[in-house]
Amino acid sequence: MPNLNSTSGPRVIERSQHGIERRQVSPNACKVIERLQQGGFLAYIVGGGVRDLLLGQQPKDFDVATDATPEQVRGLFRNARLIGRRFRLAHVRFGREIIEVATFRGEGDDGEEDSGLREVESGGRVLRDNVFGSEAEDARRRDFTINALMYDPTSETIRDHVDGFQDVVDRRLRLIGDPVGRYREDPVRLLRAVRFQTKLNLAIEPETAGPMVSMAPLLGDIPPARLFDEILKLFLSGHAWSTYQGLVRAALWEQLFPKLFADPANPPALVRQAMMNTDERVAEGKPVTPGFLFAAFLWPRVRQSAENLIAKGQPPVDALAQAGEDAIASQARRVAIHRRYSVMSKEIWCMQPRFENRRGKRAYRLMNERRFRAAYDFLLLRVLEDPDLEELAQWWTDFQEVNGEQRETMARSAMGGSGDGAGSGRKRRRRRRPRKRPASA
């Protein structure tokens, strides 16, 4: 454990040791740092950008930390705007790229809570924090040691105040400071610990892992909208299945999606395969959407509720629509699902009974629906829980692959139903045209 109160200064790691080259860093981030340094300020690349480069991964963005205040940053950059209440910072825009510039954070030990700059609730969670400090204080205020490294592209050196470089070398995930206190400050760090462990293939230090299960209920204090943002990071990075397993082990899944599955350690096959398919698509560079994953996560609840409504005489599509609305409303108390994704989930669910109606123009109309492909993929997953759907799924697979003439033949001969989801196998009788009455003289 490093001495976080040391005044000896950071360990400076030369390029020959860390191996990062300036050309690997965003040119725009380098421009921001150069202008800040020319203005007499300290400025470094910080956080995930440095960590990912050290681990051989491509960072998605590069953040900058400086001792300049947000107003001073805006004074240096005409293309900067200030944002944030909980943490005030500057966004410097270069076309489509935004470089986030944050002022070094301080420890907050000089009565700043009374000034309104720092606000902490009784349980220890930080609600607002605009206390500025030194470079060393900023490093100690970060969550994990691997996220506290600072890279100076001018000198091509890394500045390490918390022994984070050695943790990167050892592929170890360790919180800075007392884990219990740090989790109380921001319970979302529990989710970040699982995300970094699975995404970066790291081992969690025992002291960091120890309190996670007992502190999982703290997530109940986090706003549902913020948890939604974390869900996207957890499940759309290409490690959804391993992340799910990590959340279950740390008792965090039940805090996010309570009582969805009888045994979270053994989720339904449909849910497991949905996550694995998502990981495959990310690995292949294909697009993924949260709407499909939420449709899978909530399906067991939606299906059971819809079956109960159908037993009472409600049409299948209407039953699924109502069951979907209820499931999403219930889930919103923990995770607020963005409307465009919840709408997609409901469309996927409500299209399932329509796959039974394969005759004639109905098949063509369904295949031309905007959500057809997602609903079809969901039908394939449903085969895992209901093997009787295999013939139906294969029919739709063939219907998409054959040429136009063969498709016409399939549509004409399909054993489609009359709209209630059950195929009768009888040919529909053609309606006879009424005879024309002779015109009266």
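We did not get these values from a lab; they are worked out from the coordinates using the rules stated. Source: prediction; values computed, not measured. Cβ sites come from the backbone with ideal geometry, for glycine too, and all protein chains shown count toward neighbours.
Mind checking the dipole of segment 290-413: about its Cα centre, +1 per Lys or Arg Cβ, -1 per Asp or Glu Cβ, Debye to the nearest 20?
Charge dipole of segment 290-413: 620 debye, to the nearest 20.
Karplus couplings for segment 131-137 from phi (6.51 cos²θ - 1.76 cosθ + 1.60, θ = phi - 60°), rounded to Hz, Gly and Pro as x?
Computed from phi, the couplings for segment 131-137 are 8, 8, x, 9, 4, 5, 5 Hz.
Just need the relative contact order of segment 290-413 here, percent rounded to a whole number, with Cα pairs under 8 Å and 6+ apart.
24 percent
For the pairs 286/346; 259/346; 233/286; 312/361; 286/361, note any where the Cα-Cα span goes beyond 27 Å.
Pairs exceeding 27 Å: 312/361; 286/361.
Measuring from the lowest to the highest alpha carbon on each principal axis, how far does segment 247-316 reach, largest first, in angstroms?
44, 30, 18
Picking from 19, 58, 45, whose Cα lies most toward the positive end of the charge dipole for the chain (charges on Cβ: Lys, Arg +1; Asp, Glu -1)?
About the Cα centre, the residue reaching furthest to the positive side is 58.
Among 370-381, 140-151, 316-327, how do they line up from the highest to the lowest mean number of other beta-carbon atoms within 10 Å?
Listed from highest to lowest mean packing, they are 140-151, 316-327, 370-381.
Run the numbers on segment 167-317 and let me know its relative contact order in percent, using alpha-carbon pairs under 8 Å that are six or more apart. The partial results should precede the final answer.
Values: 137 pairs, mean separation 30.0, N = 151.
It rounds to 20 percent for segment 167-317.
Pairing the Cα long axis of helix 390-401 with the longest principal axis of the chain, what angle in degrees results, from 0 to 90 and rounded to the nearest 10?
For 390-401 against the chain, the angle is about 80 degrees.
Take the Cα pairs of segment 329-400, get the Kirkwood Rh, then feed it into Stokes-Einstein at 20 °C and 1.002 mPa s and tell me D in µm²/s. Intermediate results must be reported in sequence, preceding the final value.
On the way: Rh = 13.3 Å.
So the translational diffusion coefficient is about 161 µm²/s.
Report the per residue volume, in Å³, of the convex hull enclosing the C-alpha atoms of the chain.
Residue-normalised Cα hull volume stands at 232 Å³.
Tilt of helix 339-351 relative to the longest C-alpha principal axis of the chain, in degrees (0 to 90, nearest 10)?
Helix 339-351 sits at roughly 30 degrees to that axis.
Given 4 °C and 1.567 mPa s, how large is the Stokes-Einstein diffusion coefficient of segment 290-413 in µm²/s, with Rh as the Kirkwood radius over Cα pairs?
After rounding, the answer is 85 µm²/s.
For segment 222-240 and segment 344-411, write down the distance between their C-alpha centroids in whole Å.
30 Å
Would you work out the charge dipole size for the chain about its Cα centre, treating the Cβ of every Lys and Arg as +1 and the Cβ of every Asp and Glu as -1, and quote it to the nearest 20 debye?
On the way: 71 positive and 60 negative charges, 833 e Å.
Value, rounded to 20: 4000 debye.
Hey, what number do you get for the chain at 222 nm if only DSSP H runs of n ≥ 4 count, each worth -39500 (n - 2.57), divided across all residues, to the nearest 500?
-13500 deg cm²/dmol
Report D for segment 172-270 in µm² per second (integer): Stokes-Einstein, Kirkwood Rh on Cα pairs, 20 °C, 1.002 mPa s.
Once the numbers are plugged in, D ends up at 156 µm²/s.
Looking at 384, 344, 400, which one has the Cα that reaches farthest to the positive end of the dipole of the chain (charges on Cβ: Lys, Arg +1; Asp, Glu -1)?
400
At what distance in angstrom do the alpha carbon centres of segment 13-39 and segment 263-324 lie from each other?
Here the two parts' Cα centres lie 45 Å apart.
In percent, what relative contact order does the chain have, based on Cα pairs under 8 Å that are 6 or more apart in sequence? Working shown, then result.
Details: 639 pairs, mean separation 43.0, N = 441.
Once normalised by length, the contact order is 10 percent.
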